[in-house]
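Worksheet for the structure shown next.
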Amino acid sequence: MQSSDAAALAALDAARSRVRRIAAELSDARRRAATLDDDTRWTARAADEYRSKLAAWREGLASRAAELDVLDDDLRDACARLEAKMAAEAAAGAVS
């Protein structure tokens, strides 16, 4: 196993951990936004505008969550490819 591969794998794992932590925080923010949305069902024009802006914010959070899912998938795939490469190199080294 090359040390650069091990370092890259560690960096990818760290990045995935951060992405998952951020995704969890984002999920919490989305839940809080939904609660705020429910708690602010006023009839005044100002409240309607507030809810409209809150809905747009929630949609943005949903988009960010989807992007984080894609990023996590990409990082997982990169980890899998690197692990396969490292295993192949280890197997080749064992045969030699």
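The values are calculated or read from the model by the stated rules, or taken from the named source; none is laboratory data. All of these numbers come straight from a predicted model, not from anything done at the bench. Neighbour counts are summed over all protein chains in view; Cβ atoms, including those assigned to glycine, are modelled from backbone coordinates with ideal geometry.
When you look at ARG76, is it within 28 Å of ARG16 (Cα to Cα) and either assigned to a helix (DSSP H, G or I) or modelled with pLDDT of 95 or more (or both), yes or no?
Details: within 28 Å of ARG16 (Cα to Cα): yes; either assigned to a helix (DSSP H, G or I) or modelled with pLDDT of 95 or more (or both): yes.
Answer is yes for this residue.
For (1) in contact with a helix residue (DSSP H, G or I) (Cβ under 6 Å, 6 or more places away or on another chain); (2) surrounded by 13 or more Cβ atoms within 10 Å (Cβ to Cβ), each residue gets a yes or a no:
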position	(1), (2)
ARG31	no, no
THR35	no, no
GLU59	no, no
ASP74	no, yes
LEU82	yes, yes
LYS85	no, yes
GLU89	no, yes
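Yes or no, residue by residue, for (1) of a type in the set (Lys, Arg); (2) out of contact with any Lys or Arg (no Cβ under 8 Å at 6 or more places or on another chain); (3) under 26 Å from ASP74 (Cα atoms); (4) part of a loop (DSSP other than H, G, I, E, B):
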position: LEU12; (1), (2), (3), (4): no, yes, yes, no
position: SER17; (1), (2), (3), (4): no, yes, yes, no
position: ILE22; (1), (2), (3), (4): no, yes, yes, no
position: LEU26; (1), (2), (3), (4): no, no, yes, no
position: THR35; (1), (2), (3), (4): no, yes, no, no
position: ASP38; (1), (2), (3), (4): no, yes, no, no
position: ALA46; (1), (2), (3), (4): no, yes, no, no
position: GLU49; (1), (2), (3), (4): no, yes, no, no
position: LYS53; (1), (2), (3), (4): yes, yes, no, no
